[in-house]
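Enquirer: Sharing a structure below in structure tokens format, with a few things to ask.
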Amino acid sequence: MRFLGNIEAKMDAKGRAFLPAVFRKILQTASEERLVLRKDVFQPCLVLYPESVWNEQMDALRQRLNRWNKQHQQVFRQFVSEVEVLTLDGNGRFLVPKRYLRMADIEQDIKFVGMGDTIEIWSCQQAEKNQMNPEDFGETLEELMVEMKNEE
């Protein structure tokens with residue numbers, strides 16, 4: 001699955017949003033019916049995981065953590081318990097619980113951002129604030145690519 005691009009949208013008064021058609025088509029092609037929603041660990045946005053991607057992430061995290069380590073158990077518990085399982089209705093809409101809207105400071109105007117195997121949901125204002133300026137972006141990308149080339 002490759003979710004790419006960004007699409008602006010509006011939520012209705014009940015907190016429902018239409019998943020953009022281009023993203024719905026990718027989910028349908030992959031036979032994904034359920035999505036997992038969680039607040040991003042680092043940024044003020046929400047993340048939609050197709051269920052299979054969520055399960056892979058959960059399994060990878062579980063393998064890295066020791067069940068007999070208190071801190072590891074707390075990290076795992078917090079990661080997996082702060083989620084909502086969603087399904088799209090017949091019109092391609094889903095309901096975002098109010099607590100998630102508050103976590104991400106989302107009101108009505110939102111931006112869906114394709115992040116490869118996940119989809120981020122941002123308030124339009126936050127999305128703009130969290131972009132790197134073009135010069136910093138270019139320099140950082142150059143550093144990363146040179147680093148990667150040197151490791152080969």
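Enquirer: Counting just the residues of region 50-75 that are open to solvent by 90 Å² or more (accessible area, probe 1.4 Å) and not in a helix (DSSP H, G or I), which one comes out farthest from GLN28 (Cα to Cα)?
Expert: Selected residue: TRP68.
Enquirer: Name the residues in region 15-42 that are out of contact with any strand residue (DSSP E or B) (no Cβ under 7 Å at 6 or more places or on another chain), farther than 15 Å from GLY114 by Cβ and not β-branched (Val, Ile, Thr), would you?
Expert: GLN28, SER31, PHE42
Enquirer: Which members of region 109-151 meet the condition of being polar (S, T, N, Q) and either modelled with pLDDT under 90 or in contact with a Phe, Trp or Tyr (Cβ under 7 Å, 6 or more places away or on another chain) (or both)?
Expert: THR118, GLN125, GLN126, ASN130, GLN131, ASN133, THR140, ASN150
Enquirer: Okay, next question. Please verify whether region 122-136 includes one or more residues that are farther than 29 Å from ALA13 by Cβ and part of a strand (DSSP E or B).
Expert: So far as region 122-136 goes, no, none of its residues is farther than 29 Å from ALA13 by Cβ and part of a strand (DSSP E or B).
Enquirer: Moving to a separate point now. Quick one: in region 6-49, of everything that is among the aromatic types (Phe, Trp, Tyr) and assigned to a strand (DSSP E or B), which residue is most open to solvent (accessible area, probe 1.4 Å)? Don't jump to the end; show me each part of the working.
Expert: From region 6-49, those among the aromatic types (Phe, Trp, Tyr) are 18, 23, 42, 49; that's our starting set.
Retained after the next criterion (residues that are assigned to a strand (DSSP E or B)): 18, 49.
Working: PHE18: 111, TYR49: 29 Å².
The qualifying residue most open to solvent (accessible area, probe 1.4 Å) is PHE18.
Enquirer: Then there is this: Pairs, please: C-beta under 8 Å, at least 6 apart or cross-chain, first residue of a type in the set (Phe, Trp, Tyr) and in region 87-101, second part of a loop (DSSP other than H, G, I, E, B)?
Expert: Note: pairs meeting the criteria are PHE94/LEU19; PHE94/LEU88; TYR100/ILE106.
The values are calculated or read from the model by the stated rules, or taken from the named source; none is laboratory data. Predicted, not measured: the structure shown is a model, and the values here were computed from it. When we count neighbours, we look across all protein chains shown, and the Cβ atoms used for this are built from the backbone with ideal geometry, even at glycine. Side chains are part of the model used for accessible areas, which takes the heavy atoms of the whole protein and leaves out ligands, DNA and RNA. Shrake-Rupley method; radii C 1.70, N 1.55, O 1.52, S 1.80 Å.
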